[in-house]
Ligand SMILES: [Zn+2]
């Protein structure tokens, strides 16, 4: 990777050399599979897209596009796993900047999206808290209908799954508890589960879960939080 980056830096037209190298047969055969499998291990759920969290992540996306910064073509921290819709149809080569030159898209691998985006659990929609949140929603179509429906399903199914995990844990059935934990975290749009835990511990939780006191109790249960809440 470092060798390829040096090669790009020394090229007459770095952008073209970067594109050429990225598509080179040996890079496709040897570099892409290793990158894809490493990213898949870090992706949410069952190798879901790091942007929408819903579809399978199939493409290696350059967060900062090759067109804009060819020197980051082989930079590990610039690679994300994305579905083809988010990568090829929505984000494409877009990389909007603020007036001060800062990127407007949130990098999900190094930034906390909750600073910029609030998930309305009941509605299944993302609400922007900052300009960067607004741009991220717009570019990735984070409020497209299919994602909203998926998030609503996740919000509905998660409390019973938490209850099942709790029962298995009380019975001391480790395998059963682990099977429920997988169902909870490996469902599509697992960002909903993260948001549920996050909002249950935040100020205003009583209002957010006013109609669902049972859900709030599960999300605040210390045994559930200790056993299930994963930060990674
Ligand atoms: Zn996606």
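None of the figures in this text is laboratory data; all of them are computed from the coordinates on show. Values in this document were obtained by computation on a predicted structure and should not be read as measured data. Cβ coordinates were reconstructed from backbone atoms using ideal geometry, including for glycine residues, and neighbour counts include every protein chain displayed.
Of note:
- Derived value for the chain: Kirkwood hydrodynamic radius 19.4 Å. Basis is the mean of 1/r over every pair of different alpha-carbon atoms.
- Equivalent ellipsoid semi-axes, region 1-94, via Cα gyration tensor eigenvalues times 5, rooted, Å: 24, 14, 10
- Taking the number of Cβ atoms within 10 Å of each Cβ as an exposure proxy, the fewest-first ranking of 23, 91 is 23, 91.
- Taking other C-beta atoms within 10 angstrom as a stand-in for reagent exposure, 62, 32 fall in the order 32, 62, fewest first.
- Euclidean distance between Cα centres, region 178-232 to region 1-69, Å: 33 Å
- Using only alpha-carbon positions in region 91-220, the gyration tensor eigenvalues give semi-axes of 32, 16, 13 Å once each is multiplied by 5 and square-rooted (largest first).
- The distance from the alpha carbon centre of region 151-168 to that of region 76-110 is 32 Å, rounded to a whole number.
- Among 78, 87, 69: highest mean-square fluctuation, GNM of the chain, C-alpha pairs under 10 Å: 69
- Listed peptides 118-131, 100-113, 153-166 by packing density, highest first (mean Cβ within 10 Å): 153-166, 118-131, 100-113
- Legend: calculated FRET efficiency, residue 11 to residue 100, from the Cβ-Cβ distance at R0 = 22 Å, rounded to 0.05, equals 0.15.
- Order of 42, 50 under a 10 Å beta carbon neighbour criterion, fewest first: 42, 50
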